[in-house]
Amino acid sequence: MNILVCITHVPDTTSRIQFTENNTKFDKTGVQFIIGPYDDYALARAVELRDQTGGKLTVLNVGEAETEPTLRKALAIGADEAIRVNAEPVDSYFVAKQIAHYAKEGDYNLILMGRESIDFNGGMVHGMVGELLGMPSVSPVMKLDVDGDKAKLSREIEGGKEYLEVPLPFIAGCQEPIAEWKIPNMRGIMSARTKPLKVVDAVDAKKSAEVKAYALPPAKGEVKLVDKDNVEELVKLLKNEAKVL
Amino acid sequence: MGTLVYIEHDGGVVKKSSLEAVSYAQELGGEVTAVALGSIQEDEWQKVGAAGAAKILHVRDERLDAGNIQAHSAAVAKAFEKAGAETLILAKSSLGDAVAARLAIKLDAGLVSNVVSLPSTDNGFVVKRSIFTGKAFAETTLSTERKILAIKKNTLEIKTDGPEPTVEALEVGLADEDFTYQITGTEKAEGDVLLPEADIVVSGGRGLKGPENWGLIEDLAKALGAATGCSKPVSDMEWRPHHEHVGQTGVKVAPTLYVAVGISGAIQHLAGVNSSKYIVVINKDSEAPFFKAADYGIVGDAFEVVPKLTEAIKAIK
Ligand SMILES: Cc1cc2nc3c(=O)[nH]c(=O)nc-3n(C[C@H](O)[C@H](O)[C@H](O)COP(=O)(O)OP(=O)(O)OC[C@H]3O[C@@H](n4cnc5c(N)ncnc54)[C@H](O)[C@@H]3O)c2cc1C
Ligand SMILES: Nc1ncnc2c1ncn2[C@@H]1O[C@H](COP(=O)(O)O)[C@@H](O)[C@H]1O
């Protein structure tokens, strides 16, 4: 079975978010970039499925040259080859068009993505790619087992989950507990250096959404502490000051 | 310029977040039509009208009671054309996101997700959206003629003064191919307040020591009429179900009040709660990072403080 996993290159979850150039650019100073945590779940499950069924596991990122270490890490975790579509991933439609184009070339039985990217949090790219390729798209997926030409999945819904049977090929946006994150071992890191990483050109696609300016939320005021032996005071504050009771 | 709102319901009752989407649409001006799929309780129409929809298109097809992503997007696309709409508004949710993405392609519309403001139209069509899991915002220009906006909860107040809407049955003639996959079952917490919809959330962390102590959290939640949540390690250890886990990799909540008990306030947890209006933290460690993100706090042992707090809240209700 051939599997495509689409990964983002995003600031580590503990990063402090800041902007420069009059709030028009994300400030990358001191920021460590990682594989998006949800994409990392997708990759972990894909490695397991590839090991079970054989076939090839390809990782793809739409990004500029700086994302290559992230792709190499995915190779070290267990992907067989990597594709970088050389473009700035400006909006989800643009990214989806790139993925759909290169997915068509690859003849994949399964396309796994993260539930959402943690920079723009759209949770949109998988659905767009699904529609572009005329395949089912399912997200957020918590469990995925392949059984011949279909897969059994569970999808999280508000307050519970849904069980599904989906014919291959399809696209899934993944989240935990689909698999445990995998940490690359020494052998993986060594072999990743020689695995193919192909750089391809972006196809033409319109960009419909454009960021004009960034902003940070207003700073939080000082916390009001209430004595533990006077919980009634807290109730009063919630009722009269915050007016939430 | 017409606007279509995709409204979701839970067992026939329209979700609050969808009513908010209707009110958002009403603020945009122009005619607001809502589309509802599947079996909905009749008396719900009046709420949708009150929130701002002049008209409702009702696709009765019972197969749509379950949230089949492809079938829902096919039906909404038909409703969009029928309503002659230019803009589609919906509330962010696990179904809404998936449907919106497919519709962006079907309708050839530009899409912005996590919208937290009404648009400003002085200089193009600009909306503010939440990015970096609530750690920042981006003013985003949408340049397409057709637009889809997925609204984040608590963006604006739900209106309650609109007139009775007209309801029209809509046939969309879904074929079997539109149901590209099969939903074989659902598992759902019954009767509880849904976490992503809740106005008040009480969450517990590892400080609770074990699942046997969750009565503490549940009693407080009950007294407040709240939903319950937890930190990631708590769901990892299966003290609580996965869908209750709040944070970067879990549910993002936006209640008016978030109460965190025995949770340290790791940045990944805060990412799921930073859209809350007020945060109360109860932790025995005065140095717990959560206090920096809180509005109110009590430094103390949860096993002592929480039962007292529950009683004090019951006393004023
Ligand atoms: C990529 C990534 C993603 C993550 N995503 C998430 C996420 O989505 N959500 C999430 O929650 N975490 C997430 N985490 C984990 C996160 O970093 C923390 O480990 C986690 O939030 C800690 O949970 P906790 O506060 O319950 O436990 P702890 O950090 O162990 O804190 C327990 C707290 O309870 C207090 N306490 C102990 N006993 C008592 C008592 N008797 N009374 C009162 N207080 C008491 C302690 O002082 C302490 O502050 C993620 C981590 C990574 C690396
Ligand atoms: N630039 C990108 N390159 C490759 N995959 C991406 C990119 N952006 C998003 N994706 C995939 O699409 C998923 C959803 O992203 P989003 O719609 O941005 O939240 C991510 O978890 C990735 O799997």
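Readers should treat all values here as calculations from the given coordinates under stated rules, not as data from a laboratory. As the structure is a prediction and not an experimental result, all values here were calculated from the model. All Cβ positions, even for glycine, are placed from backbone atoms using ideal geometry, and neighbour counts span all protein chains on display.
Consider segment B:169-196 and keep the residues that are more than 7 Å from chain A (Cβ to nearest Cβ) and surrounded by 15 or more Cβ atoms within 10 Å (Cβ to Cβ). The one that is nearest to the chain's Cα centre (by Cα) is B:Val193. Looking only at residues in segment A:36-59 that are among the β-branched types (Val, Ile, Thr) and touching a Gly at 6+ places or on another chain (Cβ under 9 Å), the one that is nearest to ligand 2 (Cβ to nearest atom) is A:Thr58. Of the strands (runs of 3 or more DSSP E) contained entirely in segment B:145-216, those carrying at least 1 residues that are under 30 Å from A:Pro167 (Cα atoms) and without any contact (Cβ under 8 Å) to a residue 40 or more places away in the chain fall at B:182-188. Residues in segment B:236-244 include none that are within 7 Å of ligand 1 (Cβ to nearest atom) and touching a residue at least 12 places away in the same chain (Cβ under 8 Å).
The set of residues in segment B:265-302 being among the hydroxyl-bearing types (Ser, Thr, Tyr) and either within 16 Å of ligand 2 (Cβ to nearest atom) or under 25 Å from the mean Cα position of the chain (by Cα) (or both) consists of B:Ser275, B:Ser276, B:Tyr278, B:Tyr296. Among strands (runs of 3 or more DSSP E) entirely within segment B:53-128, having at least 3 residues that are away from ligand 2 (no atom under 16 Å from the Cβ) singles out B:55-59, B:85-91. If only residues of segment A:186-245 that are more than 30 Å from B:Lys135 (Cα to Cα) and among the β-branched types (Val, Ile, Thr) are counted, the one that is farthest from the other protein chains (Cβ to nearest Cβ) is A:Thr194.
For segment A:162-194, what are the residues that are outside any helix (DSSP H, G or I) and within 14 Å of A:Leu43 (Cβ to Cβ)? Within segment A:162-194, A:Ala172, A:Gly173, A:Cys174, A:Gln175, A:Glu176, A:Ile178, A:Ala179, A:Glu180, A:Trp181, A:Lys182, A:Ile183, A:Pro184 meet the criteria.
On the stretch given as segment A:162-191, residues that are surrounded by fewer than 16 Cβ atoms within 10 Å (Cβ to Cβ) and under 18 Å from the mean Cα position of the chain (by Cα) total 4. Of all residues in segment B:26-39, exactly one satisfies the criterion of being assigned to a helix (DSSP H, G or I) and in contact with a helix residue (DSSP H, G or I) (Cβ under 9 Å, 6 or more places away or on another chain), namely B:Gln26.
Are any of the residues in segment A:67-90 within 12 Å of chain B (Cβ to nearest Cβ), surrounded by fewer than 21 Cβ atoms within 10 Å (Cβ to Cβ) and touching a residue at least 40 places away in the same chain (Cβ under 8 Å)? Checked segment A:67-90: at least one residue is within 12 Å of chain B (Cβ to nearest Cβ), surrounded by fewer than 21 Cβ atoms within 10 Å (Cβ to Cβ) and touching a residue at least 40 places away in the same chain (Cβ under 8 Å).
Selection over segment A:106-125 of residues that are more than 7 Å from chain B (Cβ to nearest Cβ) and under 12 Å from the mean Cα position of the chain (by Cα) gives a count of 7.
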